[in-house]
Amino acid sequence: MKEIYLDNGATSFPKAPEVAKSMVNYLKNIGCNINRGAYTSSFEAENIVFETRELICKLFHFDKCENVVFTKNITESLNVLIKGILRENDHVIVSSMEHNAVMRPIHALEEKGITFSRVPCNRSGELNAEDIKKYIKPNTKVVVMTHASNVCGTILPLEEIGKICKEHDLYFIIDTAQTAGFLEIDYKRLGVDAIAFTGHKGLLGPQGMGGFIINDALAEYMKPLIEGGTGSLSEYEKQPCYMPDKFEAGTMNIPGVYGLNAALKYILKTGIDAIREKELLLVKRFLEKLKDIPDIRIIGKKEVEGRTAVVSIDFPLYDNGQISYRLYKEFGIMTRCGLHCAPSAHKTLKTFPDGTVRFSFSHFNTIEEVDYTIDSIYKCMDQ
Ligand SMILES: Cc1ncc(COP(=O)(O)O)c(C=O)c1O
């Protein structure tokens, strides 16, 4: 039985074409550390790391390579940002669609007297930007928000929120786990202070690679989460305060950087618009055909406007876990059921605690795979 991967919201597969080759080349032929050796292979690896910072700048329309920080994933990036910014008795604003990568670090800070407000989204996962204003307090320091829901794909109005943050002198940090590589993300237009990204989802790179970009003012304000060797200023026992060393202690995932480098080149060459167009073509077909199936609920937006290629379905007459299991066991279709590490989003969408079956497409999927998936859903519901 052939297998169809529809779990790209969790991690993308396949990866961009040159990713594996680039990583193997590093591991087989280069293999050394960066910033620590005065030999050719080390300089070569340093050049690739620098070039990857440049590619990230290109992706996010950012202009300061040294303010691109690499981490192991967006969870780490969000921890570094959230814990680096918030001090005792600060207040933070989030949406009700956040992933636990945002919510868990914030909850962990509650013991320091840090509080948060959750701006409610509607049952389609949409947020009214103006609502943010109702939650701003004298001690509000930062707004942290996902760019799009990992449960239902609804995109949040970040540009408007960015303007509100500027008017009220609040830092603005965004989680692009579900949008980087799918939407054009313009650092300046969104009015953000930091963009957190992960390399293994829409960016089509390997697991274990993520990062963030950050402006000078916020980088200076923040405390690092992890201190240690950087290969620089070795005579001092204190962490360097310049970028990116301030936030990049320890040996980085260099094979991962090589993989991400190849993935970013592929995305920039293919074009984000072309990738999004293909994914939305698949989602349009999927949504249209789903609407003919009785006894299912499409969660979130029913049209392609304002959404990503993540579609959640509830099967009220069945156990969602059972449907997801059968789709794989009998038809080879890989989905993800449950709560997707986003309990607040499921509460907003009224799918808590049962969760949904999530189908998430990449531009490598085909119309034939969409049609086969629809047929398979019918068959699962027939029996
Ligand atoms: C919106 C969102 N934020 C954060 C994450 C965490 O990503 P990672 O596991 O790469 O840190 C995910 C992954 O599911 C996500 O969808």
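The values are calculated or read from the model by the stated rules, or taken from the named source; none is laboratory data. A quick note: this is a predicted structure, and the numbers were derived from the prediction, not measured. Quick reminder, even Gly has a Cβ in these numbers, built from the backbone with ideal geometry, and neighbours come from all protein chains shown. Keep in mind that these areas ignore ligands, DNA and RNA; they rest on the heavy atoms of the full protein, side chains included. Shrake-Rupley method; radii C 1.70, N 1.55, O 1.52, S 1.80 Å.
Numbers at a glance
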| read-out | value |
| --- | --- |
| Residue that is more than 15 Å from the ligand (Cβ to nearest atom) and within 24 Å of Gly300 (Cβ to Cβ), where the choices are Ser124, Ser149 | Ser124 |
| Of residues in segment 56-92 being in contact (Cβ under 8 Å) with a residue 40 or more places away in the chain and of a type in the set (Asp, Glu), the one farthest from Gly181 (Cα to Cα) | Asp90 |
| Lone qualifier among Phe70, Phe62 - being touching a strand residue (DSSP E or B) at 6+ places or on another chain (Cβ under 6 Å) and part of a loop (DSSP other than H, G, I, E, B) | Phe62 |
| Filter result (assigned to a helix (DSSP H, G or I) and either open to solvent by 30 Å² or more (accessible area, probe 1.4 Å) or free of Cβ contacts under 8 Å to residues at least 60 places away in the same chain (or both)) within segment 256-283 | Lys265, Tyr266, Leu268, Lys269, Thr270, Asp273, Ala274, Arg276, Glu277, Lys278, Leu280, Leu281 |
| Some residue of segment 159-171 being within 12 Å of the ligand (Cβ to nearest atom), on the phi < 0 side of the Ramachandran plot and modelled with pLDDT of 95 or more | no |
| Hits in segment 157-176 - residues which are of a type in the set (A, V, I, L, M) and surrounded by fewer than 23 Cβ atoms within 10 Å (Cβ to Cβ) | Ile164, Leu170 |
| Test: residue in segment 299-309 that is among the small types (Gly, Ala, Ser) and open to solvent by 20 Å² or more (accessible area, probe 1.4 Å) | yes |
| Flag for Val49 being within 16 Å of the ligand (Cβ to nearest atom), touching a residue at least 40 places away in the same chain (Cβ under 8 Å) and either crowded, with 17+ Cβ neighbours inside 10 Å or of a type in the set (Val, Ile, Thr) (or both) | no |
| Flag for Leu78 being closer than 17 Å to Gly199 by Cα, open to solvent by less than 20 Å² (accessible area, probe 1.4 Å), within 16 Å of the ligand (Cβ to nearest atom) and in a helix (DSSP H, G or I) | yes |
| Among residues of segment 188-203, those that are more than 8 Å from the ligand (Cβ to nearest atom) and open to solvent by 10 Å² or more (accessible area, probe 1.4 Å), counted | 6 |
| Of residues in segment 106-119 being open to solvent by 70 Å² or more (accessible area, probe 1.4 Å) and in contact (Cβ under 8 Å) with a residue 24 or more places away in the chain, the one farthest from Leu81 (Cα to Cα) | Arg118 |
| Scope segment 340-354; condition within 14 Å of the ligand (Cβ to nearest atom) and farther than 12 Å from Pro120 by Cβ; matching residues | His340, Cys341, Ala342, Pro343, His346 |
| Selected residue (criterion: surrounded by the fewest Cβ atoms within 10 Å (Cβ to Cβ)) from residues of segment 330-383 that are among the small types (Gly, Ala, Ser) and in a helix (DSSP H, G or I) | Ser376 |
| Out of Thr71, Thr40, Thr52, sole residue that is modelled with pLDDT under 95 and of a type in the set (Val, Ile, Thr) | Thr40 |
